1. Report, ordered by the first and then the second residue, all pairs with beta carbons closer than 8 Å, sequence separation of six or more or different chains, a first member in the range 454-483 that is under 30 Å from THR384 (Cβ atoms), and a second member that is open to solvent by 100 Å² or more (accessible area, probe 1.4 Å) and in a helix (DSSP H, G or I).
2. Looking at PRO264, is it open to solvent by less than 50 Å² (accessible area, probe 1.4 Å), at pLDDT 85 or above and in a loop (DSSP other than H, G, I, E, B)?
3. Taking the range 364-396 as the region of interest, how many residues are surrounded by fewer than 21 Cβ atoms within 10 Å (Cβ to Cβ) and assigned to a helix (DSSP H, G or I)?
4. State which residue is farthest from the chain's Cα centre (by Cα) when the search covers only the range 129-161 and only residues that are open to solvent by less than 40 Å² (accessible area, probe 1.4 Å), among the aliphatic types (A, V, I, L, M) and closer than 17 Å to GLY31 by Cβ.
5. Output the number of residues of the range 164-190 satisfying the condition of being at pLDDT 85 or above, open to solvent by 40 Å² or more (accessible area, probe 1.4 Å) and either out of contact with any helix residue (DSSP H, G or I) (no Cβ under 8 Å at 6 or more places or on another chain) or among the charged types (D, E, K, R) (or both).
6. Restricting to the range 303-316, what's the tally of residues that are within 27 Å of ALA426 (Cβ to Cβ) and either touching a His at 6+ places or on another chain (Cβ under 9 Å) or among the polar types (S, T, N, Q) (or both)?
7. Counting only residues that are surrounded by fewer than 10 Cβ atoms within 10 Å (Cβ to Cβ) and in a loop (DSSP other than H, G, I, E, B), how many does the range 287-319 have?
8. Looking at the range 405-438, which of its residues are surrounded by fewer than 14 Cβ atoms within 10 Å (Cβ to Cβ) and β-branched (Val, Ile, Thr)?
Amino acid sequence: MIHNSEKQIARLFWKMTFKNKAVYILTFIIGVLLAYAVYTGWKNYQTQNNISEKYQHQAREDWLSNPDKHPHRMAHYGHFAFRPQMPLSVFDFGMDSFLGSSIFLEAHVQNSTNFSEAEFSTGMLRFGEISTAMILQILFPLLIFFLVYRSIATERENGTLKILFTQGLSRKQLLKGKSLGLILVMATLYIPIIFVTILFMMLLQKMQISSEEIYRLLLIVVVYFVYLSVFCVIAVIISATSKTSKTALTTSIGIWLLLIVLLPRAGQSFGAYLYPSPSKAKFNAKVENDIIKTGDSHNPNDLYYQKFKDSVLAVYQVKTVAELPVNYGGLVMKEGEKITSEIHNNHLKELRKIYAKQNSFSKYLAFLNPYMGIKNLSMALSGTDYQTYINFQDQAEAYRYYLAQSLNELQIKHISNTIKSSSDPASALDSDHWGEINDFKYQSPTLSTAVTNEFISLFSLLFWMLLLAFIVSKLSKTLKVLP
């Protein structure tokens, strides 16, 4: 419950803060940076999506324009899957610039995603991009520390604290009043800026925003408010425990560097050190070795496929391949695709387990560093996180498998066993069959999926609220009046 004395302290702190002209200058600079971030984010989103839509459509047109040919040749001709950017990538660029945007899909082969923005940019991209999320995550906490570092430390130096306490003000009321005042200052800056930012984003999208995006935006607004409130209380605690304002300023900057720069880097490096992942060449070699052990679907004399042939003949109760009512080569290709896909996916699951262990350090680091919690949660809600990228990869692989097996089914049904080579003109199917195969369409993860994936990050913000409430409670009993 907030008492009158706490309200008076909060109101006085708010008034004194906005008497400082430097606050308006800093707010104006941040406002300009936010406007620039939203505009560049929108232009990048529009450009990237126009490119992906254009080439996805072109890939489909190229697919349909193929002439009559053998289905297996079409399987190796392949197709493309392009990763669209999520609308809220305008707010938080996340990992999009470092992740590939397209995959070439073909039979028997699981290709990696290519053409990330980082591949075509300079090393400056490693220093980060100016986005709305970056400004709220990094610059706003620094502004908060700047606004409050002198608050309690200066009053202790000047002897004001002793006077306040002799007049009946308790330490707990002081801490709560200062925290509430700083949160009000933060809200005064945050709410109009975030409102204008969201309005600008909606205008750029011509107000065409789905209910799913609205819910995501509302949750983003709430979690960022909680995140910034956490830094408000941290800033008050630093000022309350520092002997002088200079010490408070130095400590604030040091903690900001620790939370924003050092701990995130250390967490990533430590995770990669404890759980090293294999190189791409080593991963592909392991997959290839396991595939070789199971047999070669393109080799008719392979031992595995000799057994497979015997089982097929037994099922259809015939003695030779020529007597089969379906195309045997298509059956072999279908079986080979099934085996190679299972082998690759099993290895990929193991690789992702390693990545999950590496990333777990960043997730659990949120209980030591609120910045990591909001960073992971913000990317998930904006659809620019690693899990969303994995979701695209899985959908692309599912489509690749569907594409290959659909063409194998065409071969099984329509190609005669008397035809020995795909180059034989008699093996060519009518090109109308290519249109029977649906095009690739990506479905983005739902909000509930994003929240579930980042439940730890969400819980960490609640943990920080409870932890700071406990620290304030303890500090209210030990706060020193004199330096």
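The values are calculated or read from the model by the stated rules, or taken from the named source; none is laboratory data. Being a predicted model, the structure only gives us computed values, none of them experimental. Glycine gets a Cβ as well: all are built from the backbone with ideal geometry, and neighbour counts include every protein chain shown. Accessible surface is based on the protein model in full, side chains and every heavy atom, while ligands, DNA and RNA are left aside. Shrake-Rupley method; radii C 1.70, N 1.55, O 1.52, S 1.80 Å.
1. So the pair list comes out as ILE456/TYR364.
2. So PRO264 fails the test.
3. So the answer is 10.
4. LEU147
5. 1
6. Of the residues in that region, 1 qualify.
7. Residues flagged as surrounded by fewer than 10 Cβ atoms within 10 Å (Cβ to Cβ) and in a loop (DSSP other than H, G, I, E, B) within the range 287-319 amount to 3.
8. Selection gives THR418 alone.
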